[in-house]
Amino acid sequence: MDARTAAQRIVENVEHVIIGKRHQVELAVMTLMCGGHLLIEDVPGVGKTMLARSLARSSGCSFKRIQFTPDLLPSDVTGVSVYNQKAGDFEFRPGPVLSQVVLADEINRATPKAQSSLLEAMEERQLTVDGVTYPTPEPFMVMATQNPIEYEGTFPLPEAQLDRFLIRLELGYPSAQDERAMMQRQLHGHPVGELAQVCEPDDILGLQAAVREVYVDVLVQQYIVDVMDASRKHDAVYLGASPRGSLALQRLVQAKAVLDDRDYVLPDDAKLLAYPVLGHRIILNAQARVKGVTAEQVVQECLQKLPVPGVRARG
């Protein structure tokens, strides 16, 4: 099947579980298409875990869940070497992070030491235990959830780890109509248990290859760089987006083009997807936080100040 058909099948399949959140589901699927990682930040009960499970089941990828708690150890995530008396040597027992789709549930409840056990896998697609390096499987995606309201007993994610997430996603409450549909659909059981697999992991790798082939004009690249630069120079910002943010936005607009059946990106794609990429990468200064300024307001102001470039014919 072609790239767009595969992507649309996954989106439509996940929508059997996540009702009325087409835009958020598309963003999650685009993150998988980019080979990136997803941070879902929202209140309990809106379907964060179900989104991760549905995405893994739809794509046929292996799935492991890690429940982050204050007593979680790095070895609980990465795995541990155990002495085998019969073989007379140590053997490695891989941890849950060596799966294709990894759900880090309530990631901010674990200590920074446990959180940091994901850093190497997320950025370098490998894991080093006792001096031995193990590659992560392909495709590989970390989906982390956290509750933005409850701060007691939590450890905020450091900037280095936030920056490794391609986008931050907020699901939000469903509409009254969607909530009724959800209740009706779950009257006799949860739909995630009956969710069908619509593609293979190899199809995901094909999707990721197709995304990399999408044409990005130099004017669009310059627009992305200008947006990042504006975020760094904004009066309310203490720390702006890193170059990793520019790369993330470029890759995400390529995935959007594939989903829309185009082989080129539009400047409006970058404008539409700027906040999901930048929202968690911008750190506001103390004065802005006191005034109640949000990262979304900063991104919108940056976008309003910058002219959107026109589209040129590929030549």
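The values are calculated or read from the model by the stated rules, or taken from the named source; none is laboratory data. Every value quoted in this text rests on a predicted model; they were computed, and no experiment measured them. For neighbour counting, all protein chains shown are included, and Cβ atoms are generated from backbone atoms with ideal geometry for every residue, glycine included.
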Filter result (farther than 23 Å from Met33 by Cβ and touching a residue at least 40 places away in the same chain (Cβ under 8 Å)) within the range 94-104: Pro94
In the range 54-83, residue surrounded by the fewest Cβ atoms within 10 Å (Cβ to Cβ) [restricted to those that are part of a helix (DSSP H, G or I) and of a type in the set (D, E, K, R)]: Asp76
Test: residue in the range 84-93 that is in contact with a strand residue (DSSP E or B) (Cβ under 7 Å, 6 or more places away or on another chain) and closer than 22 Å to Leu162 by Cβ: no
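Here's the yes/no breakdown for (1) outside any loop (DSSP other than H, G, I, E, B); (2) of a type in the set (D, E, K, R); (3) at positive phi; (4) at pLDDT below 85:
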residue: Pro137; (1), (2), (3), (4): no, no, no, no
residue: Glu152; (1), (2), (3), (4): no, yes, no, yes
residue: Ala160; (1), (2), (3), (4): yes, no, no, yes
residue: Pro174; (1), (2), (3), (4): no, no, no, no
residue: Ala181; (1), (2), (3), (4): yes, no, no, no
residue: Val198; (1), (2), (3), (4): no, no, no, no
residue: Tyr223; (1), (2), (3), (4): yes, no, no, no
Flag if Phe68 is closer than 18 Å to Ala28 by Cα and within 18 Å of the chain's Cα centre (by Cα): no
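Conditions tested, residue by residue: (1) part of a helix (DSSP H, G or I); (2) modelled with pLDDT under 90; (3) within 30 Å of Pro156 (Cα to Cα).
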{"residue": "Leu247", "(1), (2), (3)": "yes, no, yes"}
{"residue": "Val253", "(1), (2), (3)": "yes, no, yes"}
{"residue": "Arg262", "(1), (2), (3)": "no, no, no"}
{"residue": "Asp269", "(1), (2), (3)": "yes, no, no"}
{"residue": "Ala274", "(1), (2), (3)": "yes, no, yes"}
Top-ranked residue in the range 96-118 [being among the hydrophobic types (A, V, I, L, M, F, W, C) and assigned to a helix (DSSP H, G or I); ranked as nearest to Pro148 (Cα to Cα)]: Ile107
Hits in the range 16-32 (condition: part of a helix (DSSP H, G or I), farther than 18 Å from Pro139 by Cα and touching a Gly at 6+ places or on another chain (Cβ under 9 Å)): Gln24
Evaluation of Asp2 against (1) closer than 21 Å to Glu200 by Cα; (2) surrounded by fewer than 22 Cβ atoms within 10 Å (Cβ to Cβ); (3) at pLDDT below 90; (4) touching a helix residue (DSSP H, G or I) at 6+ places or on another chain (Cβ under 6 Å) (one fails), failing number: (4)
The range 33-50, residues that are surrounded by 20 or more Cβ atoms within 10 Å (Cβ to Cβ), assigned to a helix (DSSP H, G or I) and modelled with pLDDT under 90: Lys48
Residue check for Val258: among the aliphatic types (A, V, I, L, M) and under 23 Å from Leu32 (Cβ atoms): yes
Among the candidates Glu106, Glu26, residue that is closer than 23 Å to Arg244 by Cβ and either surrounded by 16 or more Cβ atoms within 10 Å (Cβ to Cβ) or modelled with pLDDT under 90 (or both): Glu26
Matching residues, the range 220-247, being touching a Gly at 6+ places or on another chain (Cβ under 6 Å) and either under 17 Å from Asp268 (Cβ atoms) or crowded, with 19+ Cβ neighbours inside 10 Å (or both): Met228, Ser231
Filter result (in a strand (DSSP E or B), within 30 Å of Asp202 (Cβ to Cβ) and not hydrophobic (A, V, I, L, M, F, W, C)) within the range 139-150: Thr145
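Residue by residue, here is whether (1) crowded, with 19+ Cβ neighbours inside 10 Å; (2) within 17 Å of the chain's Cα centre (by Cα); (3) free of Cβ contacts under 8 Å to residues at least 60 places away in the same chain holds:
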residue	(1), (2), (3)
Ala255	yes, yes, no
Val265	yes, no, yes
His280	yes, yes, no
Arg289	no, no, yes
Any hit, the range 206-219, residues being crowded, with 18+ Cβ neighbours inside 10 Å and either touching a Ser or Thr at 6+ places or on another chain (Cβ under 7 Å) or at pLDDT below 90 (or both): no
Subset tally (residues that are small (Gly, Ala, Ser) and touching a residue at least 60 places away in the same chain (Cβ under 8 Å)) for the range 61-75: 1
